[in-house]
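**Student:** Below you'll find the structure I mean.
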Amino acid sequence: MWYQHYVVVILLSAILSFSGKAETLKVALYTGGNPPYTIFENNQPSGIFIDIFDNLSKLTSHKFEMVVLPTARVLKEFDYGLVDIEPGVNEKWRQHVSVKGEYSISYSSSSEVLVFKPENMLVVNSPEDLYGKKVGIVRGYSYPLYDKAFDDLKIYRIENVSEINLLKQLMIDRLSYIFIGYRTMLYYQQQIEPYRQFQIGDIVSQVAVKMRIHPSKAHILPELNIALQQMIDNGEMQAIHDKYK
């Protein structure tokens, strides 16, 4: 309603007044991208994350610098304080890291799914359904329901640096199963015709996603949260995600 938007604008103005010096904050993007969140064309990034931070740069006092690193390296750089923000994650995914970080409000959700060729069709209701199988995941990704089975070698974890590499392995039968984001899978099936043969199976993880902020930058959270809430309330956040369907 109009008065809710008015209150958000007033609160944002107040925070901007007292937020202190504007900063340039380093935002992690994963090498190879995880489209449609990050899409690389001619080494230039675009996608959901880029559009979100373009909007946030207008709604906050800060600038955002994109830093492209392998996923596992992002976790290390965050620990060292060399990365300020990791977008699109959930606390459950980062329980194994040294520096847990602070989290923004939730601004979207993420579903990870099992993907396979039709001849390897498998229904998965629990980790036990994958016992003895090899499953490809992106190095550095965590799946709380399955991590213990991976660690105990009841499910064999095969890691790669990106989603696109997992799909290539699936195509040539180096892997029979992979865990991959649902939106990312749909994107690649739209873009690459041979991947349309792959079957999307059961959901293996479904969580709210947030911005993970390094503790040294926790002071930006009130301003960031108000800007994110404004984007949610005025429909900008939904429009960004819809743009990449």
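The values are calculated or read from the model by the stated rules, or taken from the named source; none is laboratory data. Predicted model, so just to flag it, every value in this text is computed and none were measured. Virtual Cβ from ideal backbone geometry, glycine too; neighbours counted across all protein chains shown.
**Student:** Pull up region 62-92, narrow it to residues that are crowded, with 17+ Cβ neighbours inside 10 Å and of a type in the set (D, E, K, R), then point me to the one that is nearest to LYS210 (Cα to Cα).
**Tutor:** GLU86
**Student:** Further, regarding this structure: Applying the selection to region 203-222, what residues are crowded, with 18+ Cβ neighbours inside 10 Å and closer than 30 Å to GLY81 by Cα?
**Tutor:** SER205, VAL209, LYS210, MET211, ARG212, ILE213, HIS214, LYS217, ILE220, listed by residue number.
Listed here are the residues, each with its yes/no results for (1) more than 26 Å from LYS134 (Cβ to Cβ); (2) in the same structural domain as PHE116 (by TED's automatic domain parsing); (3) surrounded by fewer than 14 Cβ atoms within 10 Å (Cβ to Cβ).
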site	(1), (2), (3)
ASP147	no, yes, no
ASP151	no, yes, yes
ILE158	no, yes, no
GLY201	no, yes, no
LEU224	yes, no, no
ALA239	yes, no, yes
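**Student:** Would you mind stating whether GLU163 is in contact (Cβ under 8 Å) with a residue 40 or more places away in the chain, surrounded by 15 or more Cβ atoms within 10 Å (Cβ to Cβ) and farther than 20 Å from ALA72 by Cβ?
**Tutor:** No; evaluated as a whole, the condition is false for this residue.
**Student:** Please indicate, with yes or no, whether at least one residue in region 197-209 is under 21 Å from GLY47 (Cβ atoms) and touching an Asp or Glu at 6+ places or on another chain (Cβ under 6 Å).
**Tutor:** So far as region 197-209 goes, yes, one or more of its residues are under 21 Å from GLY47 (Cβ atoms) and touching an Asp or Glu at 6+ places or on another chain (Cβ under 6 Å).
**Student:** Related question: Among the residues of region 191-223, write down those that are of a type in the set (Lys, Arg) and outside any strand (DSSP E or B).
**Tutor:** Result: ARG196, LYS217.
**Student:** For region 166-190, name all the residues that are touching a residue at least 60 places away in the same chain (Cβ under 8 Å), part of a helix (DSSP H, G or I) and not hydrophobic (A, V, I, L, M, F, W, C).
**Tutor:** Within region 166-190, TYR182, ARG183, THR184, TYR187, TYR188 qualify.
**Student:** Also, quick follow-up: State yes or no: is TYR195 of a type in the set (Ser, Thr, Tyr), free of Cβ contacts under 8 Å to residues at least 40 places away in the same chain and buried (at least 18 other Cβ atoms within 10 Å of the Cβ)?
**Tutor:** Taking the combined requirement at face value, the residue satisfies it.
**Student:** Also, I was wondering about something else. Looking at region 79-88, can you tell me whether even one residue there is at pLDDT 95 or above and within 20 Å of LEU166 (Cβ to Cβ)?
**Tutor:** yes
Conditions tested, residue by residue: (1) farther than 22 Å from SER142 by Cα; (2) hydroxyl-bearing (Ser, Thr, Tyr).
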| site | (1), (2) |
| --- | --- |
| GLN169 | no, no |
| ILE172 | yes, no |
| SER176 | no, yes |
| GLY181 | no, no |
| LEU186 | no, no |
| TYR195 | yes, yes |
| SER205 | no, yes |
| HIS219 | yes, no |
| ASP233 | yes, no |
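**Student:** Assuming SER109 fulfils every condition listed in (1) in contact (Cβ under 8 Å) with a residue 60 or more places away in the chain; (2) assigned to a strand (DSSP E or B); (3) surrounded by 17 or more Cβ atoms within 10 Å (Cβ to Cβ); (4) among the small types (Gly, Ala, Ser) apart from one, which condition is it?
**Tutor:** Failing condition for SER109: (3).
**Student:** Quick one: in region 27-57, of everything that is aromatic (Phe, Trp, Tyr) and more than 13 Å from TYR244 (Cβ to Cβ), which residue is surrounded by the most Cβ atoms within 10 Å (Cβ to Cβ)?
**Tutor:** TYR30
**Student:** I want to confirm something. Restricting to region 129-145 and keeping residues that are out of contact with any helix residue (DSSP H, G or I) (no Cβ under 8 Å at 6 or more places or on another chain) and more than 19 Å from MET171 (Cα to Cα), which single residue is surrounded by the most Cβ atoms within 10 Å (Cβ to Cβ)?
**Tutor:** Among those residues, the one meeting the criterion is ASP129.
**Student:** Then there is this: Sort out which residues of region 93-106 are farther than 18 Å from GLY181 by Cβ, hydrophobic (A, V, I, L, M, F, W, C) and either loosely packed, with under 15 Cβ neighbours inside 10 Å or in contact (Cβ under 8 Å) with a residue 24 or more places away in the chain (or both), and write them in order of number.
**Tutor:** Listed by number, the residues that qualify are VAL99, ILE105.
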